[in-house]
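Participant: Attaching a single structure in structure tokens format; questions to follow.
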């Protein structure tokens with residue numbers, strides 16, 4: 001079992017550009033959540049996808065959007081990048097159909113640097 | 001969002017127990033307590049969770065106070081590999097959103 005995988009590992013973008021990050025969940029998992037982790041801080045919840053729909057959303061602007069595909073993989077898109085978007089972006093998967101509480105499995109993250 | 005309070009850091013000697021406290025005074029009867037840890041340069045990993053009773057697994061033990069307003073994660077014999085940031089997370093019933101605080105940075109000395 002490969003666990004949760006994310007791509008790319010690192011990314012450098014310029015302010016104003018757009019970026020797409022990708023996540024493949026652990027086998028058997030149906031839910032993907034995205035988190036942003038600034039240096040020295042705990043991860044902050046961005047949103048969660050289940051059955052190809054956004055199920056919950058944290059306090060992030062509309063520049064942050066996502067998608068979940070029929071195979072449960074997911075993308076995080078960020079438009080009009082700001083310097084403050086530089087962070088580690090973490091994807092976590094879980095199995096909602098398995099019942100509460102839901103243990104989440106995290107990927108290694110994508111390090112985004114905005115210059 | 002459900003809020004927890006943890007000390008910023010703790011130190012321990014290798015092979016000694018580590019007790020990590022957490023306050024979650026706003027918890028309600030059906031809310032769970034989860035613990036995750038984040039090793040350097042890795043994503044967080046699940047450690048343990050509980051509702052009312054004390055819980056044990058291969059990684060740690062979780063002791064939950066009778067009033068459920070606090071809990072303690074216990075690492076029975078700390079190893080150098082246990083050096084990480086430990087997050088106590090109060091999850092609202094039937095929710096799946098993890099609200100991370102600052103966590104406790106654990107340093108294990110050889």
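Participant: Could you give the alpha-carbon Rg of the stretch B:17-110 over 2.2 N^0.38 Å, rounded to two decimals?
Facilitator: Values: Rg = 12.8 Å, N = 94, 2.2 N^0.38 = 12.4 Å.
Rg over 2.2 N^0.38 Å, computed on Cα atoms: 1.04.
Participant: Right, next: Give me A:14, A:110 ranked fewest to most by other Cβ atoms within 10 Å of their Cβ, as a rough exposure proxy.
Facilitator: Details: A:14 8, A:110 21.
Fewest to most other Cβ atoms nearby, the residues stand as A:14, A:110.
Participant: Here's something else I'd like to know. So if I take the alpha carbon set of the stretch A:66-115, get Rg, then get Rh from the Kirkwood formula, what is the Rg over Rh ratio? If you can, show how the numbers build up before the last one.
Facilitator: Numbers: Rg = 13.8 Å, Rh = 12.9 Å.
Expressed as Rg/Rh, it is 1.06.
Participant: When Cβ neighbours within 10 Å are restricted to other protein chains, what is their mean count per residue of peptide A:33-45? Present the calculation step by step, with values, prior to reporting the outcome.
Facilitator: Details: counts 3, 0, 5, 0, 4, 0, 0, 2, 4, 12, 9, 3, 6.
That average works out to 4.
Participant: To check my understanding: the extent here is largest minus smallest coordinate of the Cα atoms along each principal axis. What are those three numbers for the stretch B:1-70, in Å, largest first?
Facilitator: Here the Cα extents, ordered largest to smallest, are 35, 24, 21 Å.
Participant: Something else about it: What do you get for Rg/Rh over chain A if you use C-alpha atoms and the Kirkwood form of Rh? All intermediate terms of the calculation are to be shown ahead of the outcome.
Facilitator: Working: Rg = 13.4 Å, Rh = 14.1 Å.
Expressed as Rg/Rh, it is 0.95.
Participant: For the stretch A:45-90, what is the Kirkwood hydrodynamic radius in Å, using each pair of distinct C-alpha atoms?
Facilitator: On the way: mean 1/r = 0.0875 Å⁻¹.
About 11.4 Å for the stretch A:45-90.
Participant: Just the projected area, averaged over all directions, of the convex hull on the alpha carbon atoms of the stretch B:59-110: how many nm²?
Facilitator: 4.6 nm²
Participant: With a 10 Å cut-off between alpha carbons and a GNM built on chain B, which of B:96, B:54, B:13 moves the most?
Facilitator: Between B:96, B:54, B:13, it is B:96 that shows the largest mean-square fluctuation.
Participant: Using the number of other C-beta atoms within 10 angstrom as an exposure proxy, rank B:16, A:103 with the fewest first. Provide the component values of the computation, followed by the final result.
Facilitator: Working: B:16 12, A:103 17.
Ranking B:16, A:103 by Cβ neighbours within 10 Å, fewest first, gives B:16, A:103.
Participant: What ranking do B:25, B:70, A:94, B:53 get, fewest neighbouring Cβ atoms within 10 angstrom at the top? Could the numbers behind the result be given before it?
Facilitator: Numbers: B:25 12, B:70 19, A:94 24, B:53 8.
Ordered by Cβ neighbours within 10 Å, fewest first: B:53, B:25, B:70, A:94.
Participant: Considering the protein assembly as shown, what Rg and Dmax in Å follow from its alpha-carbon atoms?
Facilitator: 17.6, 52
Coordinate-derived values only; no laboratory data. Remember, it's a predicted structure, so these values are computed and weren't measured experimentally. Note: ideal-geometry Cβ built from the backbone for every residue, glycine included; neighbour counts use all protein chains shown.
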